[in-house]
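Just so you know, all these numbers are worked out from the coordinates, no wet-lab data involved. Note that the coordinates shown come from a computational prediction; the quantities given were computed from them, not determined experimentally. As a convention, Cβ positions derive from the backbone with ideal geometry for all residues, glycine included, and neighbour counts pool all protein chains shown.
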Amino acid sequence: MCGIAGIRRFDGQPVDRETLERMAATIRHRGPDALGFWLDGPIGFAHTRLSIIDLQGSQQPMVDAGGQRHLVFNGEILNYHELRAELSYPFQTHGDTETLLAVYDKYGPAGVNRLRGQFAYAIYDATTGDTHLFRDRLGVLPLYYYADDHLFAFGSEIKALLPVINGPSVDDDSLNDYLAHRSVPAPHTLVKGVRKLPAGHHLVVTRDGTTRVSAYWELATQASGRKVTAEEAVDLVDQALRTSVRDNLVADVPVGIYLSGGVDSSLLTAMTRRENPGQLLHTFGASFGDERYDETVWARKVVELNGTTHHNVVVTADDFMSNWSKLSWQRDGPLSEPADVAVFRLAQLAREQVKVVLSGEGSDELFAGYPKYKFAGATRWLGAIPSLGLLGRLERALPASKARLRIAMRAMDESTYDERLRGWFAPFTVTERSRMTGRPALRGAPAAYSTGRGDALRRMLYADTLVWLAENLLERGDRMSMAASLETRPPFLDHRLVDLAFDLPSSVKIRDRTTKWVVKQVAHRYLPAEIVDRRKVGFKVPLDRWFRHGLRDMAFDLLTGPSSYVGNNFDSAIVSGLLSDHANGVSDEESRIWTLLSLEVWHREFVARTLA
């Protein structure tokens, strides 16, 4: 993967090279192997390269054979061999970058529909004066932009835009969104004036500065209705995932795998080993020194079965203390979960051996892997029965040991279906968010919470895929891996597999109270039952204990001190109450404290320090 940035001016002034160089410097970690620039009067592109395909060629920015179209590209086009074979174009390189120019040459902007992979790229077309930006279907790779009367600028990360905006400031209208999602869904961000191109979208900037944004791909709101038996569903998922794994191994450098010992990463490991039976295969895992969340014994079993060379890193509270500020800068926003730091440490470990890793991200949202999906029906229909605040009172009366039940009751107590859907991942309820910020939300729940159709499970999965996965988990995966100059590829998010998943009946996702049934049935073909059928643990960090010990004093200081952004902008009584209740064991508030702490640390690192 790489970093891209660019400027298009509309005031007759040429692009300043020094500004473009500063933009590229902020994202050099995304591409430490090469640095390139192209400037032509009011337009300029910058590129930082992490060499994965065509290592000696494919330098960027790249121009087409006619000298009229310039390109900067971040990502991997996994079907580029097929595309090159069908295109009549005078190729000068052997990689996927020039393939994008050849596809545009033949099909124009509509050529994006022919691509498979993960990508964010920009093309300037001198024949029309238009600049085109594209982002991949599921939002694996990021793309941000800023526009005013004088210029349009874009970059792989928000920090790349800092040289062209007049100092970063918090978009107050997005604070409510953050308290609901632990991130800010596209097209908004926490930085005023900066927008995020939504996944599966195409943005056009004309020569006069007009911008148009449109979707070129959308997840089907409802299933086609075709009939599929359970066994057929298993075969279809098996074939689609094997094809995706094969495609995701396309690289001119070794590809490793994140291996937690869970069913998804174990299945990817087994499939990869079948694709490359004799090759050296590196796998990477993390542990936390807490027996409650230790999956290393299962990872070792998968390693023994598949003959991989395994590497493990132990993540501690000290890792959080030493990396939190730095990674808040890298994330361009608050760290949405404690696992962000662990993912970074895992990426650091992997980068010592490889440049590319496969990840099991997306499987839970496509195929119903979280325990909450068993309650999809109740989430949908509970609104028909007024609770009169009963669930809220019960939630507040529960002991600290019932943290998961408290989350469920908070979600179920919301008054609308949209809010109950997002309440499962929301640290704060609608009422709490308004009390915290002192005003009601400017925006409601993202459209994905209301546009999905079908049964209750499909609707929940639809919303989680388009919001929780796209706007949170994938953003984390990109930033934390690229902070270590490592490319991550999620085979479950091949758009053909995603389309298949949402066309399958919910009965093959949760079956006999078993979550992710169809994936587990596929896994049984590659792995022993003891690995496939064990209880799900997940990538869980023991922050509950750390907050009461190693991180406790820091939480109080940062959130209640006189210089605290959170303390000065949110209701201080609520903040102090959360800290006290958690420290005294009255309730487990780790996720809500983390949400506030992350915002505080990010503000200090990204906003206050930049302005200093």
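A simple rule links phi to the HN-Hα coupling: the Karplus curve 6.51 cos²θ - 1.76 cosθ + 1.60 with θ = phi - 60°, which for segment 37-46 gives 9, 9, 10, 8, x, x, 10, x, 10, 9 Hz, with x for Gly and Pro.
Per-residue packing, averaged as other Cβ atoms within 10 Å, sorts the ranges 205-217, 235-247, 471-483 into the order 471-483, 235-247, 205-217, beginning with the highest. Normalising the average separation of contacting C-alpha pairs (under 8 angstrom, six or more residues apart) by the number of residues puts the relative contact order of the chain at 16 percent. Taking a ≥ b ≥ c as the square roots of the eigenvalues of the Cα gyration tensor, segment 275-384 is oblate, since a/c reaches 1.5 or more and a/b is not larger than b/c. Take the Kirkwood radius over Cα pairs of the chain, plug it into Stokes-Einstein at 20 °C and 1.002 mPa s, and you get 86 µm²/s for translational diffusion.
In a reduced charge model with +1 at each Lys and Arg Cβ and -1 at each Asp and Glu Cβ, the chain shows a dipole moment near 1280 debye about its Cα centre.
Mean sequence separation of contacting Cα pairs (under 8 Å, at least six apart), scaled by the length of segment 2-215, corresponds to a relative contact order of 20 percent. Between the amide H of V356 and those of G256, E487, distances stay under 5 Å, these residues lying 5 or more places away or on another chain, with hydrogens modeled in the peptide plane. Between amide H atoms placed 1.01 Å from N, distances below 5 Å from D54 occur with D252, all of them 5 or more places distant or on a separate chain. A straight line joining the Cα centroids of segment 78-144 and segment 458-518 runs 24 Å.
Can you give the extra length, in nm with one decimal, that the chain gains between S214 and D499 once fully stretched, where that is 0.36 nm per residue apart less the Cα-Cα distance?
Between S214 and D499, full extension yields 100.6 nm more.
Suppose R0 equals 41 Å; then what is the FRET efficiency for S434 and S322 from their Cβ-Cβ distance, rounded to the nearest 0.05? Once the sixth-power term is evaluated, E becomes 0.70. Ellipticity at 222 nm from helices only: DSSP H runs of n ≥ 4 in the chain, each -39500 (n - 2.57), divided by the residue count, give -11000 deg cm²/dmol. What is the list of residues in segment 69-91 whose amide nitrogen lies under 17 Å from a point 7 angstrom out from the Cα of D40, following Cα to Cβ? Label zone hits: 69-73. Peptides 125-131, 251-257, 590-596 ordered by packing proxy, namely the average of other Cβ atoms within 10 Å per residue, highest first: 590-596, 251-257, 125-131.
Report the convex hull volume per residue for segment 126-258, counting only C-alpha atoms, in Å³.
Taking only Cα atoms, segment 126-258 has a hull volume of 219 Å³ per residue.
Taking all C-alpha pairs of segment 2-215, those more than 21 Å from each other amount to 51 percent.
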